[in-house]
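S.K.: Sharing a structure with you now.
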Amino acid sequence: MSQLARDPTLATLPVEMDWFVTVVRDAQAGNIAAFDTLFRLYNARICTYLARMVGNDEEGRDLAQETFIKVWRALPSMHDELHFDTWLFRIATNTAIDYLRRRKTRWPLWKEQDVENTPESMSIAGPEKQIEEAEHIKSALVTLSPQYRACLLLQHYVGLSQREIAKSLNLSEKSISIYVSRGSDQFRKAYERLAHGKDAKEKVRSFK
């Protein structure tokens with residue numbers, strides 16, 4: 001079950017802050033090598049986050065590419081190098097939400113009350129319990145609204161504080177607290193239906 005905890009690629013980056021600020025500023029000045037450094041530092045994290053936002057790994061990678069194109073174009077107007085993370089995930093989140101809106105449906109194509117009847121392609125027939133639980137988590141997450149999903153992922157997977165999430169999404173901390181609470185409750189109910197009543201409290205807190 002430990003492999004379903006917070007993804008190691010989403011952990012806080014152990015970098016020297018002075019060095020990091022210099023890299024960001026160089027990228028802002030148009031230094032392609034510096035931007036490539038940022039890309040290598042964050043690409044895996046962004047791909048994972050976006051894949052969980054939209055429920056599909058390939059789409060997540062495509063959206064990550066779109067996100068970094070936007071980042072490159074917007075870097076000159078970014079003024080807070082110390083909070084590059086929150087700025088980056090704001091762009092990634094908006095990219096995912098715009099994508100979901102373009103699809104004009106809430107992923108997946110079934111409603112929350114129909115979550116027990118998920119398509120066969122989302123189920124795992126083998127004995128691998130961890131893989132089965134991972135699919136339950138994915139299926140439960142994607143029943144949430146994009147905002148609830150983003151708040152849960154940013155807090156539990158990415159590891160941002162609610163203050164950082166509020167800054168990233170341009171919302172109040174109170175709103176983030178409400179979204180996390182409501183999203184956690186909806187996730188728990190969806191997960192328990194998928195897992196046939198198995199308690200989801202720990203899954204909500206840590207997605208283990």
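A quick yes/no check of all residues on (1) at pLDDT below 90; (2) of a type in the set (Lys, Arg); (3) outside any helix (DSSP H, G or I):
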position: 150; (1), (2), (3): no, no, no
position: 187; (1), (2), (3): no, no, no
position: 193; (1), (2), (3): yes, yes, no
position: 197; (1), (2), (3): yes, no, yes
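S.K.: Restricting segment 39-55 to residues that are in contact (Cβ under 8 Å) with a residue 40 or more places away in the chain and over 12 Å from residue 158 (Cβ atoms), which is surrounded by the most Cβ atoms within 10 Å (Cβ to Cβ)?
M.R.: Result: 54.
S.K.: Going by the conditions given, is residue 34 out of contact with any Asp or Glu (no Cβ under 6 Å at 6 or more places or on another chain) and at pLDDT 95 or above?
M.R.: no
S.K.: Still on this structure: Which of the numbered conditions does residue 72 fail, given that it passes all the others? Conditions: (1) of a type outside the set (Asp, Glu); (2) assigned to a helix (DSSP H, G or I); (3) modelled with pLDDT under 95.
M.R.: Exception for residue 72: condition (3).
S.K.: Is it the case that residue 102 is under 21 Å from the mean Cα position of the chain (by Cα) and more than 23 Å from residue 162 (Cβ to Cβ)?
M.R.: yes
S.K.: Need the failing condition index for residue 67 against (1) at pLDDT 95 or above; (2) within 21 Å of residue 195 (Cβ to Cβ); (3) among the β-branched types (Val, Ile, Thr), just the number.
M.R.: (2)
S.K.: Cβ contacts < 8 Å: first residue small (Gly, Ala, Ser) and surrounded by fewer than 23 Cβ atoms within 10 Å (Cβ to Cβ), restricted to segment 151-168; second residue at pLDDT 95 or above and part of a helix (DSSP H, G or I), any location; separation 6+ or different chain. Result?
M.R.: 166/173; 166/175; 166/176
S.K.: Something else: Would you be able to tell me the number of residues in segment 137-150 that are surrounded by 23 or more Cβ atoms within 10 Å (Cβ to Cβ) and among the basic types (Lys, Arg)?
M.R.: 1
The values are calculated or read from the model by the stated rules, or taken from the named source; none is laboratory data. Since we're looking at a predicted model, the values are computed, not measured. No Cβ is skipped: glycine too gets one built from the backbone with ideal geometry, and neighbour counts run over all protein chains shown.
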